[in-house]
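Okay, structure first, notes after.
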Amino acid sequence: MPGRRPSNSFDANPAATNRSAADWIARLNADDATAQDAANFRRWLAANPDHAERFERATDLWNMVPGTAPSRAPVTRRRALAGLVALTAATAGGTIAFQAAHAATPYETGIGEQRRIGLRDGSSLLLDAATRVRLIATAERRQLWLERGRVDLTVAPRTIPFMIDAGRGDMTASAGRFDLRRDREDRIAVTAIEGSATETTGGARQLTGGERLVDGRIDRPDLAATQAWTSGRAAFHDDTLTTVAEEANRYSTTRLMIADPAVAGVRVSGMYRMGDNVALGRSLATLLALRVRTIEGAVLLGG
């Protein structure tokens, strides 16, 4: 397998694409991988937008095989993929940075699930519900990509800085605790609970303890409200009922739904326990004087 050159031609079916993706992983990890292989890989990615996704899935499986984790397979970082650190692929929606070639380890949580992860360098993460991240944590490199959701990140002090990519430029942190969020509308918020972080793109601004970078500006949020999710709660401040429902549905498979569009923009403030949308729906109905109905799998507000 290591000596096989994958085809550059268009793959007519998913099975063929999956085979090509597996061939590319083997090729790019081979001891005799060349710069031409890297160039051919670029062309294969550009030939079909589906290729990037298939390669990413194949990389996830590669990571699960003993002996192929990033910390044990430096070939992918120092050889053929050296020039693919920020490989971009054109799509109908614009340009996306493609980091799957780095074989970063993925972690994901489902609805209502939280997960704590300890890293070899002493750092740790708490993943909120409906969150997906990718991580590289080795002696040579520490980096996190937040694809969606929310993370409480504690960075252990090391000489190698911790890189944070939440979708709009990178930040570096040497030590501290940080709250990272990327919502469904791709809005990004990075809060320095403790310590400091510095942008490595744009204006190279620095966040210090208590500051948040959101929508391109720095402010000082209520840290207790910012961290409420770590104890199973959510804080709202003059948020719409639609926003409340979207947040609540990250924590419960019983959907909180707005049955009357006329009340979707009603404003809500307060701290609420997440995970029980039936109880939450009843509380909101009482507070806002709305009708509430419970049907199988959903709680309806208004209407």
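Any read-out appearing in this document is the output of simple, stated calculations on the displayed coordinates, not a laboratory observation. Nothing here was measured: the structure is a model prediction, and the numbers come from that model. Counting neighbours? That spans all protein chains shown, and the Cβs are built from the backbone with ideal geometry, glycine included.
Structural remarks
- Based on C-alpha pairs under 8 angstrom that are at least 6 apart in sequence, the stretch 176-217 has a relative contact order of 36 percent.
- For the stretch 232-301, the fraction of alpha-carbon pairs in successive 5 Å shells from zero, as %: 4, 19, 34, 30, 13, 2, 0
- For the peptides 268-280, 248-260, the ranking by packing is 248-260, 268-280, with the highest mean count of neighbouring Cβ atoms within 10 Å listed first.
- Each part reduced to its alpha carbon centroid, the stretch 103-164 and the stretch 170-225 end up 15 Å apart.
- Coupling constants for the stretch 255-269 follow from the phi torsions by the Karplus curve (6.51 cos²θ - 1.76 cosθ + 1.60, θ = phi - 60°), and in residue order they are 6, 8, 10, 9, 7, 10, x, 5, 9, 4, x, 4, 8, 10, 9 Hz; glycine and proline get x.
- The simple Förster model, with R0 at 35 Å and r as the Cβ-Cβ distance, assigns residue 255 and residue 230 a FRET efficiency of 0.90.
- Fraction of antiparallel bridges per DSSP, the stretch 232-301 only, in percent to nearest 5: 70 percent
- Cleavage-rule hits, GluC sites (Glu not before Pro), the stretch 160-260, DSSP coil, Cβ neighbours within 10 Å at most 16: 185
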